[in-house]
Amino acid sequence: MKFSAQQIAQALNGKVEGDPDVEVNNLSKIEHGEAGTLSFLANPKYTSYIYTTNASIVIVNNDFKPDKPLSPTLIRVEDAYSSFATLLEMYNQAKKKRSGISKHVSIADSAKIGKDVYIGDFVSIGENSVIGDGCIIHPNTTIGNNCKVGSITTIYSGVNIYDDCIIGNECTLHAGTVIGADGFGFAPQNDNNYRKIPQIGNVIVEDLVEIGANTTIDRATIGSTVIKKGVKIDNLIQIAHNVTIGENTVIAAQTGISGSTSIGRNCMIGGQVGIIGHLEIADGVMIAAQSGIGKSIKEEKTVHEGSPAFSYRDFQRSYIHFRRLDSIVKRVNEVERQLKEKK
Amino acid sequence: MKFSAQQIAQALNGKVEGDPDVEVNNLSKIEHGEAGTLSFLANPKYTSYIYTTNASIVIVNNDFKPDKPLSPTLIRVEDAYSSFATLLEMYNQAKKKRSGISKHVSIADSAKIGKDVYIGDFVSIGENSVIGDGCIIHPNTTIGNNCKVGSITTIYSGVNIYDDCIIGNECTLHAGTVIGADGFGFAPQNDNNYRKIPQIGNVIVEDLVEIGANTTIDRATIGSTVIKKGVKIDNLIQIAHNVTIGENTVIAAQTGISGSTSIGRNCMIGGQVGIIGHLEIADGVMIAAQSGIGKSIKEEKTVHEGSPAFSYRDFQRSYIHFRRLDSIVKRVNEVERQLKEKK
Amino acid sequence: MKFSAQQIAQALNGKVEGDPDVEVNNLSKIEHGEAGTLSFLANPKYTSYIYTTNASIVIVNNDFKPDKPLSPTLIRVEDAYSSFATLLEMYNQAKKKRSGISKHVSIADSAKIGKDVYIGDFVSIGENSVIGDGCIIHPNTTIGNNCKVGSITTIYSGVNIYDDCIIGNECTLHAGTVIGADGFGFAPQNDNNYRKIPQIGNVIVEDLVEIGANTTIDRATIGSTVIKKGVKIDNLIQIAHNVTIGENTVIAAQTGISGSTSIGRNCMIGGQVGIIGHLEIADGVMIAAQSGIGKSIKEEKTVHEGSPAFSYRDFQRSYIHFRRLDSIVKRVNEVERQLKEKK
């Protein structure tokens, strides 16, 4: 996929300055720009790079005036940043586009496949499952029985979706993600061993959700584990049975949320956070990375840190003292010595 | 799969009160019960929900006396809770049942496959591997050479089992789990780089073990990494080479256990715990979530917390002071001031 | 694969003492040696085991003089340890050897496959991808479009490599690893939801890198996420977009590194460490397990611990006081009491 400066300028309604036939096949940041790539200059802080970059084409604002000779071909546009963002989006769409159904698939006769769908090699789709229009399903993915995947959803390779799970519209599930494995529920028996508690619920992922690679979301014991509209979940995250994650909440990598906990909407949860089971976390709460949440958080928009966590500000204050605890203890020693002396 | 109140009452040896022909196709909790589901009322605390639930059928104890009109069909039994548990188990078994071998599999000629086995699409089974009777192996799973899987074991989709590994009877391996990847062993060389130490051992998973989704259990350098009978391991757990986990120990999600550590039986290990290598953890030890274990624990049934961990009770006491460290330091400041004054 | 004492002695240029026809098919440690295995005795500390081991063959140094009768066949060599290491390596190579291309694969017509390659069942290789000579690709792995895999690289089962990613020579990627999933980048919008920032870069894994099972390495937003030569990465690790890991750095399991952070060469990073984004970590830095790195580390070869982390030594000192914080607070109470008394 190569494009000439001329073609790009036409798409952006811009003017070429330099060689209109120079071609690019990738995008770059101006400070790292290599030959054959297109970059942009919007922030004046980066102006110096335009004289040293190897990018073949640079998009600039109409009012950009070079004060030295420069080698890239320029494309002048009204707003270089937004033009570049447009190209980025177009490039991304073009790269990710696929269509057709591989001949190496196994789709149950009772499954229903929508229009304009891509299904890659070695995908298995079970009985009564429904795949919406415009879905893209990469190779080696398994979708069980009675599943439903909405429209325009992308499922990358090696994803595993268990029976009965529901994925919304315009979702993205990254490779290796597991949706609907059994919740971790075992009843202790008298002789120290455990009896498995059947996990007969499912997982419901609403619209516009993105789920990172190798993340695991367990099915409910009874009922549903629910990931609400617009939630963004990073890689290697554990979400246990019967959890609910509220709309537009964002969770960073390697965080774990235990069973039956309910997270509010618009929360921001850092990486490697642990949240124990059966809690309620209010809307808009922020949790610092590596924190451990041991009880419900009822106040909205509060910020928490520590393991176990408390107020972010108080944690920071305590931690400053923790770092110099040795000198504090020495001061206590000295105080004791002085008091003894006075006796 | 729909059942009428009449059919369910017969199975449970109960009596229908209401419409014997009303049908259900799922189970629910009484407080969330939707039309078309069956629920139960055992705990008197939940009695009020029977007047508001939308569940179509509710199982109740023989002695239940409604004091208001209610809409669900009732099934009266001797013990509502245990009848519901029976139904749950039956439902679960029915849902998970599969049989037959997909035509899209690749099974080595030298492999031996037991009776009544289900093998899903795109499963690959290597040379000399043995699959026991009644196993269920979901799509896109890879089982290497010389592996052995016992009877009535369920392996979900996308599981990867390396050569020479042994899985017991009645085990459950959830999707994406990796059994037998190389242990992380590298010998430092003079020039700052590393030479790989061959990892030629295997993994042995004994009977009745459950392993969560995307968990990784590495093969031993020499000998075996051993997961003993009845162990329950949650999702995204790392178990390194030559580790041994004792019988009926339970480990919550995202915990990591380093090489050659030996965990006793009947331990309970919380989520996101880290345990360093070459340790011995006694039987019945409990470890709080997010703790870091840096040395062996010799006393049985003790409880540990912190990173690095010490006695749970002492940790709790220290942590209370940590939370108010700022006020403690202010008191030290004040004490110093008073002493200075007195001089 | 069985070998007689005679055959092994020939390979090692050693002398058989005992039955030259006894056969072994595995290696063992002398203290656990079972019948049918070969072990070695190099460290005098383990001498006693040679009289009790069940190993069928033991490699010993030429000067070893038994002072009791012993049952294994001996093979005398100049250096028992290095002879065993040689056998270990040979055994490992023999076990891991595979060749040929399964008939159950899907390789795009435009892909280029090198010589002496093994490609297992249900592997999917996309358009324009290039696989180097001598590569071993296990079943159910997906390699996208425009990828490049160098020579003599091993990719285990269920690995997922997204479009445009580059893997070097002599690398090992363990099962379930995901290379090139989208970085976690979302621009907040006015109405509390998020717009996805296109992630159009790639991942470059240089030569001699080993990557553990179920680890995830995200593609760059623009440019490349780079894992440099000789890096060793354990299981279940998260490496975010635009991260760079310097040569020969070693990272233990379950660690997470956030976006755009750059790690130096020859670093050693413990398990379950978290490192926030946009930091620079100097060469040779060591980070203790479970630490959280919140700011750049500029001094080479320094050691860090804590969450947030500071100097390892200071952390240790503070933590000793933290453990006995209760008694320190009691001393402050007593000091206050005495001062009050004096008033």
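The values are calculated or read from the model by the stated rules, or taken from the named source; none is laboratory data. Because the structure is predicted, anything quoted here is derived from the model rather than measured. Here the Cβ is made from the backbone with ideal geometry for all residues, glycine too, and neighbour counts use every protein chain on show. Keep in mind that these areas ignore ligands, DNA and RNA; they rest on the heavy atoms of the full protein, side chains included. Shrake-Rupley method; radii C 1.70, N 1.55, O 1.52, S 1.80 Å.
Within the range C:4-35, if we keep just the residues that are without any contact (Cβ under 8 Å) to a residue 24 or more places away in the chain and away from chain B (no Cβ under 14 Å), the residue that is nearest to the chain's Cα centre (by Cα) turns out to be C:ALA35. So is A:THR244 under 21 Å from C:ILE276 (Cα atoms), of a type outside the set (A, V, I, L, M) and modelled with pLDDT of 95 or more or not? Spelling it out, it is not the case that A:THR244 is under 21 Å from C:ILE276 (Cα atoms), of a type outside the set (A, V, I, L, M) and modelled with pLDDT of 95 or more.
With respect to the conditions (1) surrounded by fewer than 16 Cβ atoms within 10 Å (Cβ to Cβ); (2) touching a Phe, Trp or Tyr at 6+ places or on another chain (Cβ under 6 Å); (3) not small (Gly, Ala, Ser), B:ILE59 lacks only one, and its number is (1).
Test of understanding: among B:HIS321, B:HIS304, which residue is assigned to a strand (DSSP E or B) and crowded, with 16+ Cβ neighbours inside 10 Å?
After ruling out the rest, the residue left standing is B:HIS304.
Could you look through the range A:267-293, keep only residues that are touching a residue at least 24 places away in the same chain (Cβ under 8 Å) and outside any strand (DSSP E or B), and pick out the one that is surrounded by the fewest Cβ atoms within 10 Å (Cβ to Cβ)?
Among those residues, the one meeting the criterion is A:GLY277.
Any residue in the range B:91-112 that is at pLDDT below 95 and closer than 21 Å to A:ASN140 by Cβ? So that I can check it myself, show each step before the final result.
Restricting attention to the range B:91-112, the residues satisfying the condition of being at pLDDT below 95 are B:91-99.
Going one step further and asking which of them are closer than 21 Å to A:ASN140 by Cβ, we end up with B:98.
Taking every residue of the range B:91-112 in turn, at least one turns out to be at pLDDT below 95 and closer than 21 Å to A:ASN140 by Cβ.
Consider B:GLU78 carefully, then state whether it is within 14 Å of chain A (Cβ to nearest Cβ) and out of contact with any Cys (no Cβ under 9 Å at 6 or more places or on another chain). So B:GLU78 fails the test. Among the residues of the range A:110-145, the one identified as facing chain B (nearest Cβ under 9 Å) and open to solvent by 30 Å² or more (accessible area, probe 1.4 Å) is A:ASN145. Please tell me if B:ILE222 is under 19 Å from B:ASN160 (Cα atoms) and either under 13 Å from the mean Cα position of the chain (by Cα) or in the same structural domain as B:ALA187 (by TED's automatic domain parsing) (or both). No. Of the residues making up the range B:67-88, just one is without any contact (Cβ under 8 Å) to a residue 24 or more places away in the chain, open to solvent by less than 80 Å² (accessible area, probe 1.4 Å) and more than 32 Å from the chain's Cα centre (by Cα), namely B:LEU70. Residues of the range C:317-332 that are within 10 Å of chain A (Cβ to nearest Cβ) and either within 20 Å of B:SER311 (Cα to Cα) or in contact with a Gly (Cβ under 9 Å, 6 or more places away or on another chain) (or both): C:ARG317, C:SER318, C:TYR319, C:ILE320, C:HIS321, C:PHE322, C:ARG324, C:LEU325, C:ILE328, C:VAL329.
Determine which single condition A:ASP116 fails, assuming it passes every other condition in (1) part of a loop (DSSP other than H, G, I, E, B); (2) modelled with pLDDT under 95. Single failed check for A:ASP116: (2).
Which of the residues spanning the range A:190-206 are over 32 Å from the mean Cα position of the chain (by Cα) and either of a type in the set (A, V, I, L, M, F, W, C) or under 15 Å from B:VAL209 (Cα atoms) (or both)? Within the range A:190-206, A:ASN192, A:ASN193, A:TYR194, A:ARG195, A:LYS196 meet the criteria. Every listed requirement among (1) over 17 Å from C:ASN193 (Cβ atoms); (2) open to solvent by 10 Å² or more (accessible area, probe 1.4 Å) is met by A:GLU247 save one, (1). Given the criteria free of Cβ contacts under 8 Å to residues at least 60 places away in the same chain, open to solvent by less than 40 Å² (accessible area, probe 1.4 Å) and over 22 Å from C:PRO198 (Cβ atoms), does A:PHE64 qualify? In short, yes. For the range A:219-241, filtered to residues that are outside any loop (DSSP other than H, G, I, E, B) and within 7 Å of another protein chain (Cβ to nearest Cβ), the residue that is nearest to B:GLY33 (Cα to Cα) is A:GLN238. Of everything in the range B:254-263 that's in a loop (DSSP other than H, G, I, E, B) and open to solvent by 10 Å² or more (accessible area, probe 1.4 Å), which residue is nearest to B:LYS232 (Cα to Cα)? This residue is B:GLN254. In the range A:217-236, the residues that are on the phi > 0 side of the Ramachandran plot form Cβ pairs under 6 Å with partners that are open to solvent by less than 30 Å² (accessible area, probe 1.4 Å) and part of a loop (DSSP other than H, G, I, E, B), at six or more places apart or across chains, as follows: A:GLY223/A:GLY201; A:GLY230/A:ASN248; A:LEU236/A:ASN214; A:LEU236/A:ALA253; A:LEU236/A:GLN254. In the condition set (1) at pLDDT below 95; (2) surrounded by fewer than 19 Cβ atoms within 10 Å (Cβ to Cβ), B:SER151 is compliant with all but (1). Among the conditions (1) modelled with pLDDT of 95 or more; (2) facing chain A (nearest Cβ under 9 Å), C:GLU300 misses just one, which is (2).
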